[in-house]
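Working notes for the structure below.
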Amino acid sequence: MVVVFVLVTVAVFALLAGVHRYVWRRLVGDTTAQGSLARRAGTVAVWVLPLLSVGAFAGGRAGFPFWLQRVLAWPGYLWLAVLLYLTLALLVGEAARPLLRRLLARRAARTAAAGTEPAAVPRTAALVAATSATETPAGAPAEAPVEAATDTDAPAASPAPESVPEPEAEPAPEPAPHTPADPSRRLFVARAVGGAAALAGLGTVGYGTYGVLRGPRVKRITVPLARLPRSAHGFRIAVVSDIHLGPILGRAHTRRIVDTINATSPDLVAVVGDLVDGTVADLGTAAEPLAGLEARHGSYFVTGNHEYFSGAAEWVDHVRELGLRPLENARVEIAGFDLAGVNDVAGESEGQGPDFAAALGDRDRSRASVLLAHQPVVIDDAVAHGVDLQLSGHTHGGQLWPGNLLAELANPTVAGLERYGDTQLYVSRGAGAWGPPVRVGAPSDITVVELASKRT
């Protein structure tokens, strides 16, 4: 296992080194002069930014002071998102480079051809004049031209018509030398493609960052449950997952989420894991606005994998103090259905993994059941225990396109509602972000799930 971890780590660092080398070459090496200030600055950035990224990832687990984690987090995490979209934009630009060079070459050829025409006119006129000079006009003496032609001390006469080169044999004019104001075609293309890639990458990351800092938007779905009684028809559960409080997203982020949830007037709030990326000592105050959640049947919490990186036991106690009820492999009866919750699978390393038998084993299966489980991968256990609806998060919907393609390889459902036998699975994209505070193609959400009865 250790050997595999080392090999994977080496492969990841090698890939990052190769990507940084490629980005440096296209954005710095191909567009700046040797020894210039721009090249020196670009080279320093390509060395410093990845070091900040490593520091941002390692800071929490290495026990860096929280203020230092915050200093490293913004540039370190954002650079990874910028690097991703710069690389994708530059790869698209590889296809545009030869097309641009060909276009510029054709334009230069047309300009050069047009520039030779004025020079051809005087040469043609000289040719005509020289030819006319050998012809004797009517009434003119014939000796003058002959004497001028045979006088060895006189300047050379105009060449005879047969000695004048044909215009068609004129060699193509040499291209004008390039000047600093008119860079070479290759340099122009490199700067054009590099500039367009930089605008695309920075613009994408900027918009994705705005989407996270603005806060999640509300989604509403209706989920029919066959065993739900008419008395519970229209019951609304506000599902929020992956808030990811940490060095970047703090108390203001929590307040936005709480205000958004309360504005929906839910009957119940379900916080489905990955609340934090840090300890209670560092982030306890950032979570305090959760005490303001308002729901008729209360607020419930289950652990996610990141809680087990941050001191899960302390966080369970803290959220209980804030008024949320942790469901640690436990179940409660709500009006019309059973609400169960299981610990995240990451808890298995601490002997606190999911226990479906404890949460669901002895329940009355004639009642509808809703399960809170952070990761969608436990859907098979939910199906085996006759769960009607599983509510999950964890995937972030991929967070950064094309991350959704990778998420699909590891999760049965990446986002939205799907059916597995008699069990339905809903996966939220989450309300925050992990790592880079950026979302592209996977906007954050809080989902109001309205339960519908099929009974007449």
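Values quoted throughout were computed directly from the atomic coordinates according to the rules given, and no laboratory measurement underlies them. Bear in mind the structure is a predicted one, so any value in this text is a computation, not a measurement. In this analysis, Cβ positions are derived from the backbone assuming ideal geometry, glycine residues included, and neighbour counts consider all displayed protein chains.
Taking 7 Å steps out from each Cα toward its Cβ at ARG39 and ALA14 produces label points 2.9 nm apart.
Structural descriptor for segment 297-439: relative contact order 18 percent, calculated from alpha carbon pairs under 8 angstrom and at least 6 residues apart. Near the amide H of ILE334, within less than 5 Å, lie the amide hydrogens of LEU339, all on another chain or at least 5 residues away, with H placed in the peptide plane. Charge tally for ARG214 (other residues, Cβ to Cβ under 11 Å; Lys, Arg +1; Asp, Glu -1): +3.
Couplings 3J(HN,Hα) for segment 308-317, derived from phi with the Karplus relation 6.51 cos²θ - 1.76 cosθ + 1.60 (θ = phi - 60°), are 7, 8, 10, x, 4, 4, 5, 5, 4, 5 Hz, where x marks Gly and Pro.
Over segment 28-106, all Cα pairs binned in 5 Å intervals from 0 give whole-percent P(r) values of 3, 13, 15, 16, 16, 14, 9, 6, 4, 2, 1, 1, 0, listed from short to long. Mean projected area of the Cα convex hull of segment 183-315, taken over all directions, amounts to 12.7 nm². Most tightly packed first, judged by the mean number of other beta-carbon atoms within 10 Å of their residues, the peptides 368-379, 29-40 read 368-379, 29-40. Dividing the Cα radius of gyration by the Kirkwood radius, what Rg/Rh value follows for segment 315-456? Looking at segment 315-456, the ratio lands at 0.97. Rounded to the nearest 20 debye, the dipole size of segment 300-341 about its Cα centre is 80 debye, using +1 on the Cβ of Lys and Arg and -1 on the Cβ of Asp and Glu.
Projected onto planes of every orientation and averaged, the convex hull of the alpha-carbon atoms in segment 216-453 covers 11.3 nm². Based on Cα contacts under 8 Å between residues 6+ apart, segment 8-74 shows a relative contact order of 22 percent.
Averaging the Cα positions of each part gives two centres, and for segment 1-79 and segment 210-249 these lie 36 Å apart.
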